[in-house]
Amino acid sequence: MSNSAFDEMVVLARAAQENAHAPYSNFHVGACVRTESGALYAGCNVENAAYPQGQCAEASAIGNMVTSGGHRIVEVVVIGGGERLCTPCGGCRQRLTEFCDPDTPVHICGTEGLRKTLTVADLMPFAFVADNLDKS
């Protein structure tokens with residue numbers, strides 16, 4: 001990870017966080033994913049009065065990547081507020097598993113900057129992956 005790529009990811013995730021639609025929780029989250037080509041895709045959480053219809057920041061970023069033709073994520077930044085780590089939810093951990101290698105870094109940031117770096121395997125040990133579908 002180059003500092004300039006990480007810094008740019010943080011800038012994009014923060015900008016996305018500012019655009020979050022979170023009128024119910026007032027908890028704004030931004031995310032940015034970097035693909036193997038170096039392309040960056042950001043997303044924010046989008047809440048809905050029908051709670052299950054909302055979308056997480058990581059899901060938004062992944063959707064932006066897929067829409068633009070991206071396939072593999074090599075780095076992730078997630079930014080949230082509050083004092084605790086804003087790690088991806090279970091659903092987003094599974095989504096990241098679909099597009100990342102187990103050793104892909106996931107940088108958890110707060111308003112002050114980087115709080116902790118984990119891998120996808122740290123977040124999703126014993127993940128259900130495409131190989132699990134092999135019936136042989």
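The values are calculated or read from the model by the stated rules, or taken from the named source; none is laboratory data. Here the structure is a predicted model, which means the values were calculated and not measured. Reconstructed Cβ throughout: ideal geometry from the backbone, glycine too, with neighbour counts over all protein chains shown.
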Taking region 1-58 and keeping residues acidic (D, E) and crowded, with 21+ Cβ neighbours inside 10 Å leaves E58
Go through the residues of region 63-82 one by one and say whether even a single one is of a type in the set (S, T, Y) and surrounded by 16 or more Cβ atoms within 10 Å (Cβ to Cβ).
no
Please pick out the residue among A61, A49, A42 that is modelled with pLDDT of 95 or more, closer than 17 Å to A20 by Cα and touching a Leu at 6+ places or on another chain (Cβ under 8 Å).
A42
Look at region 5-35 and say how many of its residues are closer than 23 Å to A50 by Cα and without any contact (Cβ under 8 Å) to a residue 40 or more places away in the chain.
9
